[in-house]
1. Check segment 147-158 and report whether any residue there is out of contact with any strand residue (DSSP E or B) (no Cβ under 8 Å at 6 or more places or on another chain), more than 20 Å from residue 249 (Cα to Cα) and of a type in the set (S, T, N, Q).
2. Name, by its number, the condition in (1) under 28 Å from residue 163 (Cα atoms); (2) free of Cβ contacts under 8 Å to residues at least 40 places away in the same chain that does not hold for residue 59.
3. Which residues, counting only those in segment 278-294, are surrounded by 14 or more Cβ atoms within 10 Å (Cβ to Cβ) and not aromatic (Phe, Trp, Tyr)?
4. What are the residues in segment 121-150 that are exposed (fewer than 15 other Cβ atoms within 10 Å of the Cβ) and closer than 25 Å to residue 231 by Cα, if any?
5. If we scan segment 229-241, do we find a residue that is in a loop (DSSP other than H, G, I, E, B), more than 27 Å from the chain's Cα centre (by Cα), not hydrophobic (A, V, I, L, M, F, W, C) and not assigned by TED's automatic domain parsing to the domain that holds residue 298?
6. With the checklist (1) over 20 Å from the mean Cα position of the chain (by Cα); (2) over 23 Å from residue 238 (Cα atoms) in hand, flag the one item residue 218 doesn't pass.
7. Exactly one condition in (1) in contact with a strand residue (DSSP E or B) (Cβ under 9 Å, 6 or more places away or on another chain); (2) modelled with pLDDT of 95 or more is not met by residue 144; state its number.
8. Name every residue in segment 254-279 that is hydrophobic (A, V, I, L, M, F, W, C) and either farther than 29 Å from residue 198 by Cα or not in a strand (DSSP E or B) (or both), in order of residue number.
Amino acid sequence: MRLPARAASLAGCALTALVFSVAGIGLAGAQEPPRPQPSSGYDDPEGIPLRPPAPDIEPVWARPAIDTVATIRQRGTLRVGVVENLPFVMRDAKGDLVGFSIDLGRQLASDLGVEVEFVPTSWSQLIPDLLGKHFDVIATGLWLTPARALVVNFSNPTSVGATYLVAGKSLASAMRSRQDFNRPDVRIVVYAGTSQEIVAGRLFPRATLVKLEGDADPLAPLLEGKAHALLVTTPTPKLVVDRAPDRLFLPFETALQSTTTAMAIRKGDADFLNFLNSWLAFQAEDGWLGERQQYWFRGSDWTKGNEAHE
């Protein structure tokens, strides 16, 4: 059956359009490359293959953490490790503990809503006793050092002290410059393995260092005439001289090096560390921390009528 002329013409146009449409799709498909699939954000943007991971030892996993703040509050007592260290920790005429670190411990316990117990120890046992859980926190003017930071976590700084040179009059009365003390015949007392030893070795490389171990009295060699000088880290060097003003003196007023002190806790409890730092920030902003620093480090009222015992 033959279609009318107009219908045949329309059918031909439709067929032609369909052919060109299919041809156009095929042409477009041939000209446009396939779109790449979304890649991982960790892929190298330049397409360079990632290197295989480097060989390493089995990871060391942290121990389960103890909630120290909750433990303290449940116990009802904050235990603070201290070592007598003017003006951080000392005893007044009545034998009671006083000092900057004692104030810190008492205020911290008050803000935790618990009692405070100060646990006396020695410099050589201070960190081992903390790790052995004899107390919860160290507050005694402990210096920050990288070696200590490997085994304990330090809070934000609580004070800034300095390392000074204290000399004995019996051997060093005429010595007034650093050059005078940088001689092989000069004996300088330091605690072995501390920042004192590092500072002395750097500033007085020719001097002979008398290295004390444990809790030996560093003033004894000076008072006995067996050493010329002593490196001491304190915010109040004149207090050291005042222990024996007829036999000790400061050859020069300027500090050899600044030193930062902080509180210290056992590793593994980020919540307790965060609380301590938040507490210190609040006390600094409130003005209490600065007032205590002014009283103990730059004032002298506490030395009048309330003399500290040795």
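1. From segment 147-158, those out of contact with any strand residue (DSSP E or B) (no Cβ under 8 Å at 6 or more places or on another chain) are 147, 149-151; that's our starting set.
Filter once more, so that each one left must be more than 20 Å from residue 249 (Cα to Cα): 147, 149-151.
Now drop any that are not of a type in the set (S, T, N, Q), which leaves none.
No, every residue in segment 147-158 fails to be out of contact with any strand residue (DSSP E or B) (no Cβ under 8 Å at 6 or more places or on another chain), more than 20 Å from residue 249 (Cα to Cα) and of a type in the set (S, T, N, Q).
2. Single failed check for residue 59: (1).
3. 280, 283, 284, 289, 292, 293
4. Keep residues of segment 121-150 that are exposed (fewer than 15 other Cβ atoms within 10 Å of the Cβ), which gives 122, 124, 128, 131-134, 146-147, 149-150.
Correct list: 122, 124, 128, 146, 147, 149, 150.
5. First pass over segment 229-241, keeping only residues in a loop (DSSP other than H, G, I, E, B): 235-236.
After this cut, where a residue has to be more than 27 Å from the chain's Cα centre (by Cα) as well, the list is none.
No, that holds for no residue.
6. Evaluating residue 218 over (1) over 20 Å from the mean Cα position of the chain (by Cα); (2) over 23 Å from residue 238 (Cα atoms) leaves (2) as the failure.
7. (2)
8. Filtering segment 254-279 for residues hydrophobic (A, V, I, L, M, F, W, C) gives 255-256, 262-265, 270, 272-273, 275-276, 279.
Scanning segment 254-279 gives 255, 256, 270, 272, 273, 275, 276, 279.
The values are calculated or read from the model by the stated rules, or taken from the named source; none is laboratory data. Since this is a predicted model, take the numbers as computed values, not measurements. All Cβ positions, even for glycine, are placed from backbone atoms using ideal geometry, and neighbour counts span all protein chains on display.
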